[in-house]
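Colleague: Quick one: structure below, then a few questions.
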Amino acid sequence: MTTSHRRAVLFATCIVDQLYPTVGLAAAELLERHGVAVDVPPDLLCCGQMAFNAGFRDDAYAVAGRALEILRGKGDVVLPSGSCAAMIRHLYHELFANTPFAGAAEELSHRTYELSEYLVDVLGVDDTGAHFSGRITYHDACHGLRFLGLGAQARALLNHVQGAEVVPLPGCDQCCGFGGLFAVKQEQISTAMLDRKLAAIESTKADLLVTGDVSCMTQIAGGLSRRNLPTRARHLAEVLANMVDAR
Amino acid sequence: MSQTIAFYDRVDHALHDNSLQTALQRATTRFISNRAGAIGALSDADRLRDQARAIRAYALAHLDELLPKLAANVEARGGHVCWASDGEEARRYIIELAQARGVRSIVKSKSMASEEIHLNEALEHAGFEVVETDLGEYIIQLAGETPSHIIAPAIHKTREQVSELFVKHLGMTPTTEVPPMIRTARQALRQRFLQADMGISGVNFGVADSGAIVIVENEGNARLSTTVPRIHVAIMGIERIVARMIDLGVMLQVLARSATGQKLSVYTSLISGPARPGEADGPEEFHLVLLDNGRSRILGGHYAESLLCIRCGACLNACPVYQAIGGHAYGGVYSGPIGAILTPLLQPDLPDAYLLPQASSLCGACQEVCPVRIAIPDMLLRHRADAVKAGKVNPIEKLAIAGYTMTMTHPAIYNASGKAARFFSRIAARKGRFRHLPPPLHLWTKQRDFPAPPPKSFRELWAERNKQR
């Protein structure tokens, strides 16, 4: 266990805040356990990705602009979401290009991290002391995988979960079909993509499907639950912080 | 909005077409593993892709100098050049040429540019007999369809469907064995090659410093189409140029490996003008049609990067949306991720073209495989922003985003709506989930459950925890 004197903002994201509070608590727990003092700014709500992805750039600018202001001068920013972290790191450049906030967006992008990335690459953690007796398989959320280059970090952490058998998920890098508003606007395509993901998950006979993004988790869990499949979907942070019960 | 429905109808149709689903799954799986093997076998794939991108970017930045150079070199070798600003000009040039030379029968090898300008239709309308000679193109010509993939035009057809077509149109003895099917097509096509007065081809690369055009293929039909008939017409999008012959060393490798997973295509033809005096082979006349058709408009703008595309089709194969719906559902000449970028630009009159960039989960698999690393997701996002600016927005979505923005910029509203949602969930949710939600979220719960918001938000729990400490 490291005892650095780091501080970090936990940007819990709007979906975690409203739908998955335990993911936020787990992320905070993991950071604190590894010597990071956690700051949760009460008015930090959303990164603006939903509006940006839908093409409403003025709306995204308003929402992201608030986040940018609140995060100014705050040190490291950690998100339990590859997608929202990629929004800040990759897309804020474009959103704030040729605006007075271009410099601030650039500066923020250099101190923004996805949770597993922060744990492994910044804090040097590989064993969080977690245990889970059962079979785990891991789905690579697209934005973390392709826009932040993640994947190895989560696997390294999962491989240290005591009692867990980590099995590969066939097509683990294939999109689950969530895609934000796409999931509703293109409901048929989205669920066709989900069908393939569910078939792959079923083939692993895993107890837990673990992923680093609650958006993918919502899509996958929604399918698992609708079909009464036995696998449960959980966020990586919950597993690492021992917040998942054995069944 | 009736046109809007057309796109969703096509999607619905595609998802319920079992033959299509079988064909797509077989073919894209094979393409993906072939590409992965061929790219993986390179020790320096990343460098090669960077070089390919640099070569293409250089060409686009110097089009004003390279295109005249290409044209001058073609003419110096006895060829003719037509500068066609749009499909109409290209069609007119080719039809007038065919009429002037007394052409009756035309063979064609694969060309997406010719699809783009609906050339076959125009030629047939003008009374010419046109036969596609690429096997896939021949199949869909028999079926009366359009290509559904850039390099595998009949990817949507199963072997069984092809067999039916050959039985019906070519009198083949029923079989689903591939070799006799290919023999049947070859016999039919061989006659056409020998009869044809004109051969029309596409162009993979035009080489500015030598005036050569490059055509890659695996069947030999392009070589026959461009050498047997007395006139060869090649149609080339103006962006498909490279500066120097030596650039092909990189481009041909990344193209073949990305497209089919081959080290090189079976046939790579470099064609420089008609047969010269004393040469036994080759056409009497060579015409190069340089097709703009909207490209120079794209060049200066936000989508210029899409012109780097070398039409390998890798992004189609990798795209989970393309895998699910196939090429025809897109409704444009080009399909898949690159089609979703190009169609709204090249075919702005298609009423539902603006929907194509929305039919993406932005997973990024396309950019990951693109040999010239085109930032496809960024351009899809740009298209969405342009659609919003142009007012092409679903009113419900507009309202939802307005609500979202209001909520996410006002903590008091955010907190109050969170509380309302949690109250709603206490009465309507069962076992922590919703099985039915009201419109428009009913689209979510058609095939998926939705998690009920738990009693307290993270920030509420966090505040409580900190108070206790």
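Colleague: With 10 Å bins from zero, work out the P(r) of the stretch B:282-370 over every alpha carbon pair and list the percent per bin.
Modeller: Bin by bin from 0 Å, the calculated values are 16, 45, 27, 9, 3, 0.
Colleague: Also, quick follow-up: Among A:144, A:134, A:231, whose Cα sits farthest toward the positive end of the charge dipole of the stretch A:126-240 (+1 at Cβ of Lys/Arg, -1 at Cβ of Asp/Glu, about the Cα centre)?
Modeller: Positive-most Cα among the choices belongs to A:231.
Colleague: Near residue B:392, which lysines are there with a Cα under 17 Å away, not counting those fewer than 8 places off in the same chain?
Modeller: The reachable lysines, counting only those whose Cα sits under 17 Å from residue B:392, are A:185.
Colleague: Still on this model: Given +1 on the Cβ of Lys and Arg, -1 on the Cβ of Asp and Glu, and no further charges, what dipole in debye does the stretch A:119-176 carry about its Cα centre, rounded to the nearest 20? Let's see the in-between values first.
Modeller: Numbers: 3 positive and 6 negative charges, 27 e Å.
In debye, rounded to 20, the stretch A:119-176 gives about 120.
Colleague: Could you give the C-alpha radius of gyration of the stretch A:101-166 expressed as a fraction of 2.2 N^0.38 Å, taking N as the number of residues it contains? Show your work: numbers first, answer last.
Modeller: Values: Rg = 14.5 Å, N = 66, 2.2 N^0.38 = 10.8 Å.
That works out to 1.34 for the stretch A:101-166.
Colleague: Sticking with this one: Rounded to the nearest 500 deg cm²/dmol, what is the calculated helix-only ellipticity per residue at 222 nm for chain B, with -39500 (n - 2.57) per DSSP H run of length n ≥ 4?
Modeller: Rounded to the nearest 500, it is -16000 deg cm²/dmol.
Colleague: With contacts defined as alpha carbon pairs under 8 Å and 6 or more residues apart, what's the relative contact order of the stretch A:117-190 in percent?
Modeller: 36 percent
Colleague: From the P(r) of the stretch B:49-175, can you give the percent of Cα pairs sitting at distances over 27 Å?
Modeller: Numbers: 3047 of 8001 pairs.
For the stretch B:49-175, the share of Cα pairs beyond 27 Å comes to 38 percent.
Colleague: Under 16 Å from a point placed 7 Å out from the Cα of residue B:85 along the Cα-to-Cβ direction: which residues of the stretch B:292-317 have their backbone N that close?
Modeller: B:292-299
Colleague: Additional query: About the Cα centre of the stretch A:126-240, how large is the charge dipole given +1 on each Lys and Arg Cβ and -1 on each Asp and Glu Cβ? Please answer in debye to the nearest 20.
Modeller: Dipole about the Cα centre, nearest 20: 320 debye.
Colleague: Among the Cys residues of chain B, which have no other cysteine Cβ under 4.7 angstrom away?
Modeller: So far as the 4.7 Å Cβ criterion goes, B:82, B:309, B:312, B:319, B:370 stand without a partner in chain B.
Colleague: Okay, moving on. Can you give me the P(r) profile for the stretch A:1-158? Cα pairs, bins 10 angstrom wide beginning at 0, each as a whole percent.
Modeller: 11, 40, 36, 12, 2, 0
Colleague: Placing unit charges on C-beta atoms (Lys and Arg positive, Asp and Glu negative, everything else neutral), compute the dipole magnitude of the stretch A:1-118 about its Cα centre in debye, rounded to 20.
Modeller: Numbers: 9 positive and 14 negative charges, 38 e Å.
Approximately 180 debye in magnitude.
Colleague: For the stretch B:65-147, what relative contact order do you get, as a whole percent, if you take Cα pairs closer than 8 Å and at least 6 residues apart? Write down the numbers at each step before the final one.
Modeller: Details: 60 pairs, mean separation 19.3, N = 83.
Computed over the stretch B:65-147, the figure is 23 percent.
Colleague: Grab every C-alpha pair in the stretch A:185-247, bin the distances at 5 angstrom width from 0 up to the longest one, and report whole percents.
Modeller: 4, 18, 28, 26, 14, 7, 3, 1
Colleague: Sticking with this one: What area, in nm² and to one decimal, does the C-alpha convex hull of the stretch B:357-436 cast on average over all directions?
Modeller: Values: hull surface 32.9 nm².
Average projection, Cα convex hull of the stretch B:357-436: 8.2 nm².
Colleague: Sticking with this one: Over the Cα atoms of the stretch B:317-469, each weighted equally, I'd like the Debye log10 I(q)/I(0) at q = 0.14 Å⁻¹, rounded to two decimals.
Modeller: Log10 of I(q)/I(0), two decimals: -0.91.
Colleague: Taking amide H atoms as placed 1.01 Å from N in the peptide plane, list the residues 5 or more away in sequence, or in a different chain, whose amide H sits under 5 Å from that of residue A:233.
Modeller: Residues meeting the criterion, in which the H sits 1.01 Å from N, are A:209.
Colleague: Name the residue farthest towards the positive end of the dipole of the stretch B:398-468 from the options B:441, B:451, B:412, assuming +1 on Cβ of Lys and Arg, -1 on Cβ of Asp and Glu, about the Cα centre.
Modeller: It is B:451, whose Cα lies furthest towards the positive end.
Colleague: Here's another thing I want to ask about it. Starting from one equal scatterer on each C-alpha and no solvent at all, send me the Debye-based log10 I(q)/I(0) for the stretch B:150-254 at q = 0.13, 0.16, 0.22 Å⁻¹, two decimals.
Modeller: The calculated log intensity ratios at q = 0.13, 0.16, 0.22 Å⁻¹ are -0.65, -0.87, -1.16.
Colleague: Which lysines, on any chain, are close to residue B:419 with Cα under 23 Å apart, when same-chain ones fewer than 8 places away are left out?
Modeller: B:431, B:456, B:467
Colleague: Roughly speaking, what % of Cα-Cα pairs in the protein assembly as shown are separated by over 48 Å, rounded to a whole number? The partial results should precede the final answer.
Modeller: Details: 59329 of 255970 pairs.
Tail of the P(r) past 48 Å holds 23 percent of the pairs.
Colleague: Could you tell me what a quarter of the Cα convex hull surface of the stretch A:126-240 works out to, in nm² with one decimal place? Before the final figure, lay out each step's value.
Modeller: Numbers: hull surface 26.0 nm².
Taking the Cα atoms of the stretch A:126-240, their convex hull projects to 6.5 nm² on average.
Colleague: Still on this structure, I have one more. Scattering from the C-alpha atoms of chain B alone, worked out with Debye: what is log10 I(q)/I(0) at q = 0.12 1/Å?
Modeller: -1.08
Colleague: Continuing with the same structure: May I ask which residue of B:105, B:39, B:87 lies farthest towards the positive end of the charge dipole of the stretch B:2-296, with charges of +1 (Lys, Arg) and -1 (Asp, Glu) on Cβ and the Cα centre as origin?
Modeller: The one lying farthest along the dipole's positive direction is B:39.
Colleague: With each label point set 7 Å from Cα along the Cα-Cβ vector, what nm distance links residue A:162 and residue B:96?
Modeller: In this crude spin-label approximation the distance works out to 8.5 nm.
Colleague: Quick check: convex hull over the Cα atoms of the stretch B:7-110, volume per residue in Å³, rounded to an integer?
Modeller: On the way: hull volume 25.6 nm³, N = 104.
Expressed per residue, the convex hull around the Cα atoms of the stretch B:7-110 is 246 Å³.
Colleague: Simple spin-label model, 7 Å along Cα-to-Cβ: residue A:32 to residue B:416 in nm?
Modeller: Placing both labels 7 Å beyond Cα along the Cβ direction yields 3.2 nm.
Colleague: Using only the alpha-carbon atoms of the stretch B:398-468, report the extent along each of the three principal axes, biggest first, to the nearest angstrom.
Modeller: Projected onto its principal axes, the Cα set of the stretch B:398-468 covers 42, 32, 17 Å.
Colleague: Restricting to Cα pairs below 8 Å that are 6+ residues apart, what does the relative contact order work out to for chain B? Please round to a whole percent. Each step should come with its number before you reach the end.
Modeller: On the way: 762 pairs, mean separation 88.1, N = 469.
The value is 19 percent.
Read-outs: derived from the displayed coordinates by stated rules, not from any lab. This one's a predicted model, so the numbers in the text were calculated from it and none came from an experiment. Ideal geometry is used to build each Cβ from the backbone, glycine not excepted, and the neighbour counts take in all protein chains shown.
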